[in-house]
Amino acid sequence: MGDCNPRIRYYSYHYLVILIWKFVDIQICLGMYALTTLGITAGYHRLFAHRSFQTNKTIKVLLGTLGSMAVQGPILFWVATHRRHHLVSDRPEDPHSPVSQEKTFLSRAKGFWCSHIGWMLNHDPENRTKYVPDLLRDKLVFQLNQWYFYWVFLGLFIPAVLGGLLVNSWQGIVSGLLWGGFVRIFLVHHITWSINSICHLFGSRPYHTGDQSTNNWICGLLAFGEGWHNNHHAFPNSARHGLKW
């Protein structure tokens with residue numbers, strides 16, 4: 001019995017280390033998810049695309065940086081695409097509409113795929129002069145746009161460093177990069193893209209907006225309010241998509 005105790009303590013210690021390590025990974029992933037999703041929802045979408053609110057330069061830089069760290073393209077590209085979506089929502093010119101004139105399962109599946117991710121595979125960037133002339137004149141936003149790839153790198157560097165410091169090993173660096181970097185990017189991408197796809201197919205439509213935008217509470221929770229998409233299309237300049245608490 002005496003010989004077993006050190007071994008039991010050894011394995012218990014290592015199991016505890018693994019549990020703490022995985023807890024750190026999850027916390028880094030969720031923290032980076034929250035920050036970069038906020039950068040897209042509050043920054044790219046509500047501040048830059050719709051001018052739903054005004055803020056100071058520090059917050060503007062912070063939101064622009066966090067949005068860029070979500071790896072969904074530079075500010076000018078993202079905003080131009082989104083403004084075009086609102087202008088021609090669910091019409092043939094819409095860059096990412098799932099709506100099809102055909103009602104077959106295959107056509108719906110194809111529409112879902114195209115609106116969720118397929119549209120990016122053969123998308124020609126919008127005319128910036130037409131869709132984002134205000135942002136082209138904004139020197140701060142233009143500079144944030146030019147530094148896009150630096151912000152993408154920062155979004156991978158931060159979780160890697162955090163993982164290394166919190167776990168105190170090079171394995172922590174790799175694990176932090178994996179969970180706070182690549183897994184987090186995967187999650188943020190698919191939740192954001194679901195607003196283009198799911199929120200034009202499934203949900204309620206309390207407002208007649210001339211398109212197929214819907215309110216979907218699951219997407220609303222995961223995407224920090226973006227899932228109240230029919231509300232947003234009815235009142236695009238509202239900073240609060242839920243409209244009330």
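The values are calculated or read from the model by the stated rules, or taken from the named source; none is laboratory data. All figures in this text were calculated on a predicted structure; none of them were measured in a lab. Positions of Cβ are backbone-derived with ideal geometry, glycine not excepted, and every protein chain shown enters the neighbour counts.
Worth a mention:
- Test: residue in segment 198-209 that is farther than 27 Å from Ser107 by Cβ, among the hydrophobic types (A, V, I, L, M, F, W, C) and either touching a Pro at 6+ places or on another chain (Cβ under 9 Å) or modelled with pLDDT of 95 or more (or both): no
- Flag if Phe186 is under 20 Å from Thr37 (Cα atoms) and modelled with pLDDT of 95 or more: yes
- Among the residues of segment 210-234, those that are surrounded by fewer than 15 Cβ atoms within 10 Å (Cβ to Cβ) and either at pLDDT 95 or above or more than 18 Å from His82 (Cβ to Cβ) (or both) comprise Trp217, Ile218, Leu221.
- Flag if Ile158 is more than 30 Å from Phe23 (Cβ to Cβ), surrounded by 16 or more Cβ atoms within 10 Å (Cβ to Cβ), β-branched (Val, Ile, Thr) and within 21 Å of the chain's Cα centre (by Cα): no
- Check on Ile185, crowded, with 20+ Cβ neighbours inside 10 Å, in a helix (DSSP H, G or I), in contact with a Pro (Cβ under 9 Å, 6 or more places away or on another chain) and of a type in the set (Val, Ile, Thr): no
- When segment 74-111 is limited to residues that are more than 15 Å from Asp124 (Cβ to Cβ) and charged (D, E, K, R), the one that is surrounded by the fewest Cβ atoms within 10 Å (Cβ to Cβ) turns out to be Lys103.
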